[in-house]
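Below is one structure, written out as structure tokens; the observations come after it.
The values are calculated or read from the model by the stated rules, or taken from the named source; none is laboratory data. Values in this document were obtained by computation on a predicted structure and should not be read as measured data. Neighbour counts are summed over all protein chains in view; Cβ atoms, including those assigned to glycine, are modelled from backbone coordinates with ideal geometry.
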Amino acid sequence: MRKRGIVIGAMGLILILLVAGCGASSEPATATVPDGAKAGDLTPLTPCDYQPYGSQEKYDAECGTLTVRENWDNADSRLIALPVTRVRATGDNPVEPIFWLVGGPGDSNMGFKPPAWLLIKHDVVMVGYRGVDGSSVLDCPEVAQALKGVGGDLLSAESRANMGGAITRCAERLQGEGVDLDGYTMLEVVEDMEAARMGLGYERVNLLSSSYGTRVALIYAWQHPNRIYRSVMMGVNPPGHFIWEPENIDAQLAYYARLCAQDAGCSARTPDLAGTMRKVAHDMPRLWLFLPIDPGKMKMGTFLPGLANPGSAAWVFDAYIAAEQGDPSGLALASLASDFLLPPNTWGDYIAKAVSAGDFDPARDYAIEMDPPNSILGSPWSLLFASSVKDWPTKPIPAEFRQVQPSDVETLLVSGSIDFPTPAEFATDELLPYLTKGQQVILAEMGHQVADLFNVQPEATERLLTSFYDTGVADDSLYTYAPMDFSVSLGFPTLAKLLVAAVIIVPLLLVGGVVLIIRKIRKRRAGVAA
């Protein structure tokens, strides 16, 4: 047992370093309610050095504290504080500011790194998300512990029941601490943004949102249409899609399989990528050498963050193809890495926002529907969480905000063609018809994360966003097609073998070195004695 613990600990340490080097979600920002503050008060912004989490770049910015009611509908609600940061425009004639709305839920809204070209004409404003940033944080260590699973399978019935208990215990503890969980909905977030807008003196604002943040942007546009000038939504999440359906995931895997068939390297390794994924997912080995494989963690990590973006998807496919060919080493390493690779979240906020969105239907049997026997992967995240949140007490938002409404706000929908969490067709079919001034750009072979947009073909992204914010017409003419790259220079299987070899060889070298030193000492002593 001790040898196995040493091995896993060493590998885990290396993996943490690898993940940290690749970037992580921004750390929550803190704030406290100023003495004598009232709901809606914004302290005067003072100069500050704003440095996004994980970035070396600093901005000359202004920081302040927004005081809001924990529940905007309750005049007697306690007050909470949210951080506000404004990065000033660098040009001489700034126009409407851009309010940033990050994805999640459960992630900080204070870690955006605005590119220089965005700041030429616009202030960029970040308002902390209630439940994550500021004085009230919905931490759920109970949920974090339950994510370790029970019995070596995170998606087993026993693990799901354990997760349900953890979620209930967290809600009860938070309520016992005086938290009004009904105050942590997207409607409340929108009112926070409005309070910040008024406090900063802006008549209208632009929005730039991603993933979950696009749902907040939608509600903002529905509630306060005259306050939104233009809105860019990336990785669009219309109402109903906090539940990931297995058939949508299978369709995305089939898309990847078609791309694999067109790629010489990928098609040489497997004639049917979707079939490979199905075979391994349905008959996953539980051990490689002395390292366990948790099939539930492997499936969770496969979907998020694995398949969210083409770069990480290539690593996933490499591990699954190797496993089908008799080498499950990559699965073992990915399974161990899942504790570090699963998106870091403030889990209470994640659950509160998801439940109150109204996407969960208590009449559905998620334990069966999210893991159909004929599905390639099922829907692992929805299987774990949708079947476990029935006792979370946050009330759903009103019905009118749980369905798409018509909007006259000028809106740009930006989608990737292989976006697993928010497929492009959701925006095309369910949202675009309701936008009288809407347009959509679908970027071929791009995934879900904003990093794809800002880091891949950045000049094209600059043209896309600046043209839309300047004129209301998005110019995507600079984008060029880049095919999916399935090649992996150092994938999970190779890393697993290197790490295990290192763990075994390094102690042997140390022992060998000690033996040589002892022999030299003995020879010297023998020479002195002679």
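Observations
- The lone criterion from (1) within 15 Å of Leu208 (Cα to Cα); (2) assigned to a helix (DSSP H, G or I); (3) touching a strand residue (DSSP E or B) at 6+ places or on another chain (Cβ under 8 Å); (4) of a type in the set (Gly, Ala, Ser) left unmet by Ser467 is number (3).
- Any hit, segment 299-312, residues being buried (at least 23 other Cβ atoms within 10 Å of the Cβ), touching a strand residue (DSSP E or B) at 6+ places or on another chain (Cβ under 9 Å) and of a type in the set (Lys, Arg): no
- Filter result (crowded, with 24+ Cβ neighbours inside 10 Å and either of a type in the set (Phe, Trp, Tyr) or assigned to a helix (DSSP H, G or I) (or both)) within segment 194-214: Ala196, Tyr212, Gly213, Thr214
- Of the residues making up segment 64-104, those that are modelled with pLDDT under 95 and closer than 24 Å to Gly235 by Cα are Gly103, Gly104.
- Test for Ala161: is it surrounded by fewer than 20 Cβ atoms within 10 Å (Cβ to Cβ) and at pLDDT 95 or above: yes
- The listed residue being closer than 22 Å to Ala217 by Cα, within 19 Å of the chain's Cα centre (by Cα) and of a type in the set (Val, Ile, Thr), out of Val409, Val414, Val404: Val414
- Residues that are surrounded by fewer than 21 Cβ atoms within 10 Å (Cβ to Cβ), assigned to a strand (DSSP E or B), of a type outside the set (Lys, Arg) and touching a residue at least 60 places away in the same chain (Cβ under 8 Å) are absent from segment 431-453.
- One residue stands out among those in segment 173-193 that are of a type in the set (A, V, I, L, M, F, W, C) and under 27 Å from Val143 (Cα atoms): the one that is surrounded by the fewest Cβ atoms within 10 Å (Cβ to Cβ), which is Leu187.
- Put simply, of Thr346, Thr422 the only residue that is buried (at least 24 other Cβ atoms within 10 Å of the Cβ), more than 22 Å from Arg130 (Cα to Cα) and touching a residue at least 60 places away in the same chain (Cβ under 8 Å) is Thr422.
- Yes/no for Thr494 being surrounded by fewer than 16 Cβ atoms within 10 Å (Cβ to Cβ) and of a type outside the set (Phe, Trp, Tyr): no
- For segment 370-399, the set of residues classified as outside any loop (DSSP other than H, G, I, E, B) and closer than 20 Å to Asp283 by Cβ consists of Pro380, Leu383, listed by residue number.
- All positions within segment 123-150 that are surrounded by fewer than 24 Cβ atoms within 10 Å (Cβ to Cβ), part of a helix (DSSP H, G or I) and of a type outside the set (D, E, K, R): Pro141, Val143, Ala144, Gln145
- All conditions but one from (1) crowded, with 23+ Cβ neighbours inside 10 Å; (2) of a type in the set (Gly, Ala, Ser); (3) touching a strand residue (DSSP E or B) at 6+ places or on another chain (Cβ under 9 Å) apply to Ala334; the one that does not is (3).
For (1) surrounded by fewer than 22 Cβ atoms within 10 Å (Cβ to Cβ); (2) out of contact with any helix residue (DSSP H, G or I) (no Cβ under 7 Å at 6 or more places or on another chain); (3) modelled with pLDDT of 95 or more; (4) aromatic (Phe, Trp, Tyr), each residue gets a yes or a no:
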| site | (1), (2), (3), (4) |
| --- | --- |
| Gly358 | yes, no, no, no |
| Asp361 | yes, yes, no, no |
| Arg364 | yes, yes, no, no |
| Glu369 | yes, yes, yes, no |
| Ala386 | no, no, no, no |
| Val404 | yes, no, yes, no |
| Ser407 | yes, no, yes, no |
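- Residues of segment 38-81 satisfying the condition of being polar (S, T, N, Q) and either within 25 Å of the chain's Cα centre (by Cα) or closer than 19 Å to Tyr184 by Cα (or both): Gln51, Ser55, Gln56, Thr65, Thr67, Asn71, Asn74, Ser77
- Flag if Thr411 is over 21 Å from Val189 (Cα atoms), of a type in the set (Val, Ile, Thr) and not in a loop (DSSP other than H, G, I, E, B): no
- Any hit, segment 264-273, residues being over 22 Å from Ala399 (Cβ atoms), touching a residue at least 24 places away in the same chain (Cβ under 8 Å), polar (S, T, N, Q) and in contact with a helix residue (DSSP H, G or I) (Cβ under 7 Å, 6 or more places away or on another chain): yes
- Looking at Leu287, Leu291, just one residue is surrounded by fewer than 20 Cβ atoms within 10 Å (Cβ to Cβ) and hydrophobic (A, V, I, L, M, F, W, C), and that residue is Leu287.
- Neighbours by Cβ (under 7 Å, 6+ apart or cross-chain): first from segment 461-483, more than 19 Å from Pro115 (Cα to Cα) and in contact (Cβ under 8 Å) with a residue 60 or more places away in the chain; second part of a loop (DSSP other than H, G, I, E, B) and acidic (Asp, Glu): Pro483/Glu445
- So Gly54, is it surrounded by fewer than 23 Cβ atoms within 10 Å (Cβ to Cβ), at pLDDT below 95, in contact with a Gly (Cβ under 7 Å, 6 or more places away or on another chain) and outside any strand (DSSP E or B): yes
- Where Asp318 falls short, out of the listed (1) surrounded by 24 or more Cβ atoms within 10 Å (Cβ to Cβ); (2) under 25 Å from Ala482 (Cβ atoms); (3) among the acidic types (Asp, Glu): (1)
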